[in-house]
Amino acid sequence: MHAQNRRFQEACEIMKKNAAKFLENELSSESSSEDEIDDLQILKKTFSNYTEDENSNLRKITEYLQDVLTSGAVVCLICIESVKRNDKIWSCEFCYCVLHLTCIQKWAKDSMYHLSANLNEDKKDSLKWCCPKCRFDYEPSKQPSKYFCFCGKVENPVYDSWNVPHSCGKTCDKKLKPECGHTCCLLCHPGPCPPCPKTVLVSCCCSKSAKVSRRCSAKEWLCGKKCEKLLCCKIHRCEVPCHKGPCPPCNRQSKQKCQCGINTSLRPCYSPKWQCNKVCSKPLDCGKHNCENICHEGACPGCPNSGPRSCPCGKKVVVLPCTEDVPTCGDTCNKLLECELHRCCERCHHGSCGKCLQLRIMKCRCGQREKSMPCCKEFLCDIKCKRRRDCGRHNCNRKCCLGNCPPCEVPCGRTLNCGHHKCPSLCHPGPCYPCREVVNITCNCGSTKISVPCGRKKSAVPPRCSSDCKLPSDCHHPERQKHKCHFGSCPPCRLTCGKTLNCGHTCSFKCHSAVLTRIETKQKKEGPWDLRNSYRMELVSKPCPPCPVPVPVTCLGGHEIQNLPCSGAQTTSCGRMCGRPLSCGNHTCSLECHSVDNINDLTKPSDKCETCEESCQSPPKPGCTHPCPLPCHPGKCKPCKQHIKLKCHCQINTMYILCEEWTSADENKKAELMCCSNRCPKEMACGHRCILLCHSGSCSDQKLCKKKVVLRCPCKRKKKDMQCATLLQNNISLPCDAECIKYQESLKALENEKISKKEAENKKIQEKELEEFLKKTEGKKKKRKKNIEDDQNYHQSKIVVLGSSVAILCVILSLIYYFISLK
């Protein structure tokens, strides 16, 4: 019983949903067709007095009209709500945006209030409010208070379904821009007026051709002839073809005198007046001074020093010749200084007075601190201003502020009414301007669209579209049955499936590639209040039914043929032995009938047959001693991958060579294989190491040795670097020269000096030992004799030291002479 009630409720719900969907589609199609007919009739009626061609500037006004006629297309930028056809509105004179009358009144009032809070009393007369879209400034007297039609002739126009909403239905009669003397001939409409369509008789721009009848908005036309109007130089005529606007400057050149008339220069014809760099120098009226002005026209000015003149301080007025300077009067200057508080205390003087240096107690600019300072300096304190700037959010923080805090320079950054963008303006009082971003809302196919302000995308109604639905098919068919553009899912496909089955036959059942199927979610409800469905509806592609066509079926091994239904046609084993040759080409398959590749040819081997497990019996390649490691296989054996262990030519390194590479190589190749790529360690006849890499046979000839050797003279002083081969081939020797002889003599002198010095030292040591011996043996009685002998030894040693120093000096001089001669 419970199951029957559940099924009944589900059926009722499905019927209600289908009925509601059917009524919605029917009502939407009927209303859309009626709106389209009304819109076309209203547009035709509005443009009845305008006979311009189709490709004119009417597209912009047509877009304005379509937005007004479309429900939900016009949105108030202040409240972000749709402007209905019976709402009271206000339209901007500059950008023609449409806003609610109450919204723009509150906007203007708030804007003027926030501006007046930050202005002084004397500047409040300059208050203005602006359009929230284009920022066009309006005077306070233009603050909207009444609801007028678009042309402004009728107050509180009544909505008429046969006219444009918010219009009076009469002719616009606004003066056209640019002003031509005519008025707009359209019916009362939103947006700018189109160009003037009246016809007038006008001549070309150069006025040489006859008058023709043209549109007033395009009355300027060019005939293509030369202009020939007299140029500003009053000499030549314009050679440019008929053109709009004033003629260009004359591009010719002529000889022209300067303003003083002394110099003449070749200059462009369009600039006849010019000045040379020469000073006038004409005598003035006084006859004693000359004119100091640069080239000028007309008479020279009078002498600046003539007439009564005053002293520098202005107290004494004298009349002196222009050649004499006015002397100082000697009185106190007493001029008011720059501080405008004190006067100059110096005597009457030329030039400007100096800065005021008197000390006085000065207040800072903000008036919170005092300090004694020179009058000429300004005193600024370090107190930061804590007043709010014009934005009302941030402090001034300027030091010693007068109270005229500068405007806030911090970006606003507050989220706009749309909820998506931030305010890009600087920090300001009052509400932010509306978001100027525009979002396009399209129909499902995208061919029809309307523009709405940012933030209205979710609540705006999509436009109706009369085009065919362009959604791709959910099933496998390339196209749907034609129907109008819509939102939501398309009706199910009613065409034949027509798919090609795996067996090759065609499915003749109804399309089942996208079937709306109920899928249970297996979620238990928490109670009667839980409105969640325990199922969901999805488009499921169902498989095609089994194919019943009988087809012939061959066994797995191709031994016999049997007829079976196409849907149940499966190949099976017939029970016989396979008997196909194996891949080795030497044996046959002994398995029961199984699946093979080439079922029609029983003589060809198949990869699905058993694998031959016999070992390879093929003889190895000549020279190879390794057996084939593979099982039984067809064709030749693979190259041997074993390595042979051999010594290289130099008998140092052990070489591991592939057996296949060694057996297939000739003598030269084998020699290359046995080379270890290291340098030969053997020595050549010259005693140096062989220059070749590891090789067989004898080493390289010593004539090819490039080793560097040092050749010296017999005394070992001179040396020369040579290659070993060059030295051996040419038998070169390096003889000694004169310098070598001198060097040997100096060495001998040094050696003799060392010997004599050593002998003297040995003799001195012997005498000292003898003296010590005598001292021990003879005692104090022979002390005097010893002193005599000591004196003799002292003189002898002094003579030896003097001789050795002379010899050393000679050796040093000879060495210095030797090195000087080398240089």
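Coordinate-derived values only; no laboratory data. These numbers were taken from a predicted model, which means no experiment stands behind them. Note that each Cβ is placed from the backbone with ideal geometry, even for glycine, and that neighbours are counted across all protein chains shown.
For segment 556-596, state the average projected area of the convex hull of the C-alpha atoms over all orientations, rounded to one decimal in nm².
For segment 556-596, the mean projected area of the Cα convex hull comes to 3.1 nm².
Name the residues whose placed amide hydrogens come within less than 5 Å of the amide hydrogen of Met362, ignoring near sequence neighbours (fewer than 5 apart) on the same chain.
So Met362 has HN proximity to Lys371, Ser372, Met373.
Report the local net charge at Pro629: Lys and Arg +1, Asp and Glu -1, summed over other residues whose C-beta lies under 15 Å from its C-beta.
Local net charge: +1.
Would you mind pulling out the separation of the Cα centroids of segment 293-359 and segment 604-659, in Å?
So the separation of the two Cα centres works out to 124 Å.
If you project the alpha carbons of segment 267-309 onto the principal axes, what extent comes out on each, in Å, largest first?
The principal-axis extents, from largest down, are 46, 15, 13 Å.
So for segment 485-596, what are the equivalent ellipsoid semi-axes in whole Å, largest first, each being the square root of 5 times an eigenvalue of the Cα gyration tensor?
50, 21, 13
Below 8 Å between Cα atoms, with a sequence gap of 6+, how large is the relative contact order for the chain in percent?
So the answer I get is 4 percent.
Give me a comma-separated list of calculated 3J(HN,Hα) values for segment 654-670, in order, Karplus coefficients 6.51, -1.76, 1.60 applied at θ = phi - 60°, integers in Hz, x for any Gly or Pro.
Result, ordered by residue: 9, 9, 10, 10, 4, 4, 5, 5, 6, 6, 8, 8, 8, 5, 5, 5, 5 Hz.
Residue by residue, what Karplus-based ³J(HN,Hα) values in Hz, rounded to whole numbers, does segment 336-351 have, using 6.51, -1.76 and 1.60 with θ = phi - 60° and x for Gly and Pro?
Couplings: 6, 6, 5, 6, 6, 10, 10, 10, 6, 9, 7, 6, 3, 9, 7, x Hz.
Ratio of segment 654-746's C-alpha Rg to 2.2 N^0.38 Å, to two decimals?
1.78
Rounded, prolate or oblate: which one fits segment 401-484, using the alpha carbon gyration tensor with axes a ≥ b ≥ c (rounded when a/c is under 1.5, else prolate when a/b beats b/c, else oblate)?
Since a/c reaches 1.5 and a/b is larger than b/c, the shape of segment 401-484 is classed as prolate.
How big is the convex hull of the Cα atoms of segment 127-229, per residue, in Å³?
In segment 127-229, the Cα hull volume divided by residue count equals 172 Å³.
State the three equivalent ellipsoid semi-axes of segment 622-708, derived from the C-alpha gyration tensor as the square roots of 5 times its eigenvalues, in descending order and whole Å.
39, 11, 8
What are the ³J(HN,Hα) couplings of segment 574-584, residue after residue, when phi is run through the Karplus curve with 6.51, -1.76, 1.60 and θ = phi - 60°? Round to Hz, x for glycine and proline.
For segment 574-584, the Karplus-derived couplings read 8, x, 7, 7, 4, x, 7, x, 6, 5, 6 Hz, x marking Gly and Pro.
Two decimals, Cα atoms only, Kirkwood Rh: what is Rg/Rh over segment 215-280?
1.20
Between Tyr159 and Phe487, what is the FRET efficiency for a Förster distance of 22 Å, r being their Cβ-Cβ separation, to the nearest 0.05?
Efficiency computed from Cβ-Cβ geometry: 0.15.
If I take all pairs of Cα atoms in segment 715-760, what percentage of them are more than 11 Å from each other?
Of the Cα pairs, 73 percent sit more than 11 Å apart.
Can you list the equivalent-ellipsoid semi-axes of segment 337-430, largest first and in whole Å, using the square root of 5 times each Cα gyration tensor eigenvalue?
Semi-axes from the Cα gyration tensor: 46, 15, 8 Å.
Could you give the spread of the C-alpha atoms of segment 399-549 along their three principal axes, from largest to smallest, in whole angstroms?
Computed over segment 399-549, the largest-to-smallest principal extents equal 103, 46, 28 Å.
Restricting things to alpha carbons, find the Rg to Rh ratio for segment 269-352 using the Kirkwood radius for Rh.
So for segment 269-352, dividing Rg by the Kirkwood Rh gives 1.18.
Beyond 56 Å, what share of the Cα-Cα pairs of the chain remains, rounded to the nearest whole percent?
In whole percent, the share of Cα-Cα pairs in the chain beyond 56 Å is 68.
Over all distinct Cα pairs, what is the inverse of the mean 1/r for segment 565-638, reported as the Kirkwood hydrodynamic radius in Å?
By the Kirkwood definition, the hydrodynamic radius is 14.5 Å.
Among Phe148, Phe136, what is the fewest-to-most ranking by other Cβ atoms within 10 Å?
Listed from fewest to most nearby Cβ atoms, that is Phe136, Phe148.
Please report Leu402, Leu556 as a ranked list, fewest other C-beta atoms within 10 angstrom at the top and most at the bottom.
So the residues, fewest neighbours to most, are Leu402, Leu556.
FRET efficiency for His477 and Ser567, Cβ-Cβ distance as r, R0 = 25 Å, nearest 0.05?
Once rounded, the FRET efficiency stands at 0.55.
Quote the relative contact order of segment 644-702 in percent (integer), defining contacts as alpha-carbon pairs under 8 Å separated by 6+ residues.
RCO, segment 644-702: 29 percent.
At 7 Å along the Cα-to-beta-carbon direction for both Lys175 and Ser254, put a label point, then send me their distance in nm to one decimal.
That separation, rounded to one decimal, is 4.2 nm.
How long is segment 186-225 along each principal axis, judged by its Cα atoms, biggest number first, in Å?
Result, largest extent first: 42, 14, 10 Å.
Enumerate the amide H contacts of Leu564 below 5 Å, restricted to partners 5 or more residues apart or on another chain; note that Pro and chain-start residues carry no placed amide H.
The answer is Val551, Val553.
List the residue ranges in the chain for DSSP H helices whose C-alpha atoms run 24 angstrom or more along the long axis and whose Kyte-Doolittle average is 0.0 or above.
Membrane-span-like by this rule: 783-822.
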